[in-house]
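Quick notes on the structure that follows.
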Amino acid sequence: MDTQDGEELCFPQLFNISCKKPTTPLSQLLLPYIVVFSMSLLTVILNLLVIIAVSHFRQLHTPTNFLLLSLAVSDFFIGLLLMPANIIRKKVCWFLGQLACLVFTYVSFIITSASVGIMVLISVDRYAAICDPLHYPTRITRERVKLCVCLCWLCSVIYNILLIKDELVQPGQHNSCYGECKILVDYIAGTTDIVLTFIAPVTVIIVLYMRVFVVAVSQARAMRSQVTAVTLQLSVTLTTKKSELKAARTLGVLVLVFLICFCPHYCIFVFGGKVLNSSSATIVIYLYYFNSCLNPLIYAMFYPWFRKAKKEISFKNIFMGNTKQAEDKIFSVTLRELLIYKRNDRDCKLLLSILIKGQGTAF
C-alpha cells in the first residue's frame, strides 16, 4: 500500500503508524553497503586472529596481552554485530522489532564503554611499567589484570542498564513511527554518561600518557649516555628498558588512534546532534567503528609475534590441539629475550644456569 504522496510504507498493514520507506536509490546505497560489510568482514577476521593467538599460545599470556585480548573481543563484536546492524538501522526500515532495537543499542553501549575502560587500563599498565618498573612485576600480575578486565565489563553491563532503564520500562517511547529504531537518554543521564565515559577517562588517559612520555624520554636519554654494558645483568636491564619503551610507544600509538576515532563520536552526544547533519553523524560513527579494524593492523606493524602468528596459525591445528609446532616457530627466542619475558628471580637464576652450562637457547 502507498501513501497519498506515493511513498511506500515500511509496514503497509499498519497504515496509520508505519514509517515511510527511505527514498534513497539502490545505486547510492550499494557502495556504502559494500564498504561497510567489507570493513566488517576484515575487522572480524583480524581480531579473531588476535583472539586465537593470545588465547592459545601460552607465551603470550602476559598482563599487557590480556588487555589487548579484551580489546580484540570488543572490536570483534563491533565488526560482527554493530557495523552491519547500524547501516541497516540508518539506511532502511527496521524490521527486527523493538526488542532487537533495544538489545542492539544496549550491546553497542556496553562495547563502547568497555572499550574506553580497557584503554584506561592499558594506560595504567604502561604507566606502571615505565614509571615504576621495579614494582611492576609484583603489582601488575595476570590474575589482577584478569580481575580488572572482568570488573570493567561487569561495570559496563550494570551501568548501561541504569542508563536505558526508561526504555526497559516502555520500549519504543521515542520512536515517531513503527519501523524506526531510536533510543534517547534524558538530559541528566546523558550528561552523567558524557562525564563518566568520555571526559573523565580521556583525561586520565592523556595525563597518564603525558607522564609516560616524559619518563620515557628521560630514560631514552639516560640509556644513550650509558657506557656499553659489560655484565650480563646490566645488558639485560638495558634491553628490558628498551623493550618497555618500545611497548609504551606501540601502545601509545594504539591509544592515540583510539582517541582520534573516539572523540568525534562523542561530539554528537555533547552537542546533541545539532552540529552535524545525518550523513556527517553516520561518518563519525563509522570512524569510531573503523578503529576496531585499525587496532589489529597496529599490532601487525609493531608486534613481531602477531606477524608470525598470522603465518603459523592453522585452524586445523588449533582445534585439534596440535599447536606445539606453531609455537616453536613463533616463539623460538634467545636467552636474553627470555630473561626479558621472565621477570621473577627464580626464572632468571634458572636461565642464567642454562647459560653457564653452555645452552644458548631455551624452549
With the structure loaded, tell me whether LEU208 is in contact (Cβ under 8 Å) with a residue 24 or more places away in the chain, assigned by TED's automatic domain parsing to the domain that holds ILE161 and within 18 Å of THR112 (Cα to Cα) or whether it fails that test. no
Quick test of your reading of the structure: ASP75 fulfils all but one of (1) surrounded by fewer than 17 Cβ atoms within 10 Å (Cβ to Cβ); (2) touching a Cys at 6+ places or on another chain (Cβ under 9 Å). Name the failing condition by number. (1)
Looking at the stretch 34-147, what helices (runs of 4 or more DSSP H) fall wholly within it and have at least 2 residues that are among the hydrophobic types (A, V, I, L, M, F, W, C)? 63-77, 83-91, 97-131
From the list THR138, THR105, which one is buried (at least 18 other Cβ atoms within 10 Å of the Cβ) and assigned by TED's automatic domain parsing to the domain that holds ILE161? THR105
For the stretch 153-194, name all the residues that are exposed (fewer than 13 other Cβ atoms within 10 Å of the Cβ) and either within 20 Å of the chain's Cα centre (by Cα) or not assigned by TED's automatic domain parsing to the domain that holds LEU259 (or both). LEU154, ILE158
Of these, GLY190, GLY172, which one is under 30 Å from ILE88 (Cβ atoms), outside any helix (DSSP H, G or I), in contact with a helix residue (DSSP H, G or I) (Cβ under 9 Å, 6 or more places away or on another chain) and touching a residue at least 60 places away in the same chain (Cβ under 8 Å)? GLY172
For the stretch 72-111, what are the residues that are in contact with a Ser or Thr (Cβ under 6 Å, 6 or more places away or on another chain) and at pLDDT 85 or above? SER74, ASP75, ILE78, GLY79, LEU82, MET83, PRO84, ILE110, ILE111
Being in contact (Cβ under 8 Å) with a residue 40 or more places away in the chain and either of a type in the set (Asp, Glu) or closer than 30 Å to VAL124 by Cβ (or both) is the filter here, so list the residues in the stretch 175-187 that pass it. GLU180
Among the residues of the stretch 193-205, write down those that are β-branched (Val, Ile, Thr) and touching a residue at least 24 places away in the same chain (Cβ under 8 Å). ILE194, THR197, VAL202, VAL204, ILE205
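The values are calculated or read from the model by the stated rules, or taken from the named source; none is laboratory data. Note that the structure is a prediction, hence the values are computed from the model and not measured. So basically every Cβ, Gly included, is an ideal-geometry build from the backbone, and we count neighbours across all protein chains shown.
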